[in-house]
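See below for the structure under consideration.
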Amino acid sequence: MLAGVQKLGTSAAMTSLASELGVPQGRLQGEKASMLALLKIGCPIVYGMLYLKGSAWKSSAMEAAAAGGGGDRVAVWLDVIMSKIGRKLPFVLNVILGICAFGVSWQNL
């Protein structure tokens, strides 16, 4: 529900800004369609790569813990953090993007 409302508000803001700048409506619609197509292709690739990288980090952290490599405290904490975050990298990206969107919205209000 919120995504539809957000898309409606974003579309209205883009149309308003384009009319102020004198951009033709046809060009604006073409740019929006191109942007959405690029996002529909690019985002699943990025999220898949993040998931695979996180899985590899989690596996390497678990192997290091199993090997008992006590050593450096920083390395141990880094291994713990990577094992906890590991497969959740797409979620972490969503949180970061949400915070950025909130900041941009807050600045423009």
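If R0 is taken as 25 Å, the Cβ-Cβ distance between Leu39 and Ser59 corresponds to a FRET efficiency of 0.25. Taken along the Cα-to-beta-carbon direction at a fixed 7 Å, the label points for Leu93 and Ala13 span 2.2 nm. Max-minus-min Cα coordinates of region 24-108 on each principal axis give 64, 29, 14 Å, with the largest extent listed first.
Report note on the peptides 49-59, 90-100: ranked by the mean count of other C-beta atoms within 10 Å, highest first, their order is 49-59, 90-100. With both labels modelled 7 Å from their Cα along Cα-to-Cβ, the Ala101 to Trp77 distance reads 3.2 nm.
All of the numbers you see were taken from the coordinates with simple rules; none came from a lab. Owing to the predicted nature of the structure, the values given are computational and were not obtained by experimental measurement. Heads up, the Cβs are rebuilt from the backbone with ideal geometry, glycines too, and the neighbour counts pull from every protein chain shown.
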